[in-house]
1. For the chain, modelled as a GNM with alpha-carbon contacts under 10 angstrom, which of D281, D167, D20 fluctuates the most?
2. Between D119 and R142, with labels modelled 7 Å along Cα→Cβ, what's the label distance in nm to one decimal, could you check?
3. Show that you can apply the helix-only estimate: for the chain, add -39,500 (n - 2.57) for every DSSP H stretch of four or more residues, divide by all residues, and state [θ] at 222 nm to the nearest 500.
4. Going by the alpha-carbon gyration tensor, a ≥ b ≥ c the square roots of its eigenvalues, is region 41-199 rounded (a/c under 1.5) or, if a/c is not under 1.5, prolate (a/b greater than b/c) versus oblate?
5. Exceeding 23 Å between C-alpha atoms, which entries from my cross-link table qualify? They are K53/K349; K89/K162; K15/K89.
6. Sort F12, F261 so the one with the fewest other Cβ atoms within 10 Å of its own Cβ comes first.
7. Quick one: pull the percentage of alpha-carbon pairs in region 216-348 with a separation above 17 Å.
8. Within 10 Å of each residue's Cβ, count the other Cβ atoms and sort Y198, Y70, Y280 from fewest upward.
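We did not get these values from a lab; they are worked out from the coordinates using the rules stated. Computed from a prediction, not measured in an experiment: that's the story for all the values here. Counting neighbours? That spans all protein chains shown, and the Cβs are built from the backbone with ideal geometry, glycine included.
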Amino acid sequence: MSLVTTITGLPFVGKTTLFDLLTGQKVPTGTFAGAEAETNVGVAKVPDERLDKLVPLFDPKKVTHAEITYRDLGLAKGAGKGEGISPKKLGDLRTSDALLHVVRAFRDPTVPHPEGSVDPERDLATIDLELVVADHSVAEKRIERIEPEIRGARAGGEREAKERERDLLERCLAALAEERPLRDVDLEPDELKLLRGYRFLTLMPQLAVVNLDEADVADPEKVLAPIRAAAGRHRSSGVVHVCAKLEAEIAELSPDEAVAFREEAGLHEPALDRVVRATYDLLGLISFFTVGPDECRAWTIRKGETAQQAAGAIHSDLERGFIRAEVTEWQDMLRAGSEAEAKRQALTKVVGKEAQVADGQVMNVLFNV
Ligand SMILES: Nc1nc2c(ncn2[C@@H]2O[C@H](COP(=O)(O)OP(=O)(O)OP(=O)(O)O)[C@@H](O)[C@H]2O)c(=O)[nH]1
Ligand SMILES: [Mg+2]
C-alpha cells in the first residue's frame, strides 16, 4: 500500500524543517512559503529495526523498506478565517491518507508568529476550523445540487438513494455547523462508503506534530498534556512531538556524534521514527516481511488483513492464485538463522487464506496462477 501524508499547519511552524527531516531533502526553510508556493513532495523510508536485523541472514541483493510519501503544504495567513486554503492545496489535502498538523510550541522570538504569540492549542483549533469550513462548503454545495436531482429522479430506488444521500449530507452539515469534525459523527459502514467520494478533510485521521522548544525536550509532557487532551476529544487523532530545529542540527552530525548528542538532549529516538510509528498507530497499519537472497522487504498492510490480502499487497497474482503461506515470527527467524532451520525447528506455520497476519511476521506466499 502506498501511503500519502500531507503536512500542514500555520505559516512558520516548522513544516518544511520537518519535511526535510522526514524525507532527507534540503528544501530551504524560513522563507515564508505561503499559499502560492509549490507543494513539496518527498518520500520517507520507514525505519524498521526488525528488517535491518533480518538482512544479514539473507545477504540479499536488495533491501526495500516501506515508504511514506510526504507533502509539505503551506497555508495562507488567513488560515482559520475560511480563506487560508487555495483550491490547489485543497486538492492536495483531499488526496491524502492522513493529515499531519505541525503546531508550534517553540518560543524563539526571532521567528515571527502570525498570531503574535505561541499557543499550540489555539493553532490546532485554528487549522481544525479551517478544515471544518472547507468541508461545510463541500456539503452545502452538494446538497444544493442534489435537490433538483431528487425532483428529477424517477420515483423508486433512484430517488430513494438520492434522498438517503441528502439526509446523510444534512447530518454532516449539522455536525460541521457545530464545528464538529466528521470523524466524530457516528456513521454506518455504507454511509462512510458513500462519503468517501467527497474526500472530506475532517474525515481523515490527523496527527498533531508538536514542534517543541529546545528547553522542553527533556520533559515534553508538560507541553503535550493539554494538547493530548484537546486532540483526544476527537476520534482518529494522535499527538507526537518533535524538536525540528534541534533534529535538523543532529542530522548534520556523524552517526556516533548524533547518538551522543541525542542522549544528551533527551531525544532518544529520531523524529522520523517517532512520527512514522505514530502514523502507523493512528492508521492501524502493520508491517510484514518477505526475505530471500534477491530481496528483503517490508510491506505495509492494515491490521486485521488476511494472508491472502497481504499477498495482494505484494502482487495481485499472489492474491488471485493464493494457495497457502508460510509464516514465521521475525524473532524466530532471527534466532533460527535461516528459513530451513526455522522450518526444522517447527517455528514456521503453514496458514490458509483467512489467517490474520500479525505485525512483524515473515511471510512466504505459495501461489499458482
Ligand atoms: N527555535 C526553533 N526554530 C525552529 C524550529 N523549527 C523551525 N524553526 C525555524 O522556524 C522558521 C520557519 O521554519 P520552516 O520549516 O520554514 O516553517 P514552515 O512552517 O515551513 O513555514 P512556511 O512554509 O513559510 O509557512 C525557520 O527559521 C526555522 O529554522 C524549532 O524547533 N525551534
Ligand atoms: Mg515551508
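1. Sorting by GNM fluctuation, first place goes to D167.
2. If labels sit at D119 and R142, their model points lie 3.3 nm apart.
3. Details: 14 runs with 158 residues, N = 369.
-13000 deg cm²/dmol, from helical runs alone.
4. Values: a/c = 2.86, a/b = 1.37, b/c = 2.09.
The shape class here is oblate.
5. Details: K53/K349 21 Å; K89/K162 29 Å; K15/K89 15 Å.
Table pairs above 23 Å Cα-Cα are K89/K162.
6. So the ranking, lowest neighbour count to highest, is F261, F12.
7. Details: 6389 of 8778 pairs.
The proportion of pairs with Cα distances above 17 Å equals 73 percent.
8. Values: Y198 16, Y70 25, Y280 19.
Fewest-to-most Cβ neighbours within 10 Å comes out as Y198, Y280, Y70.
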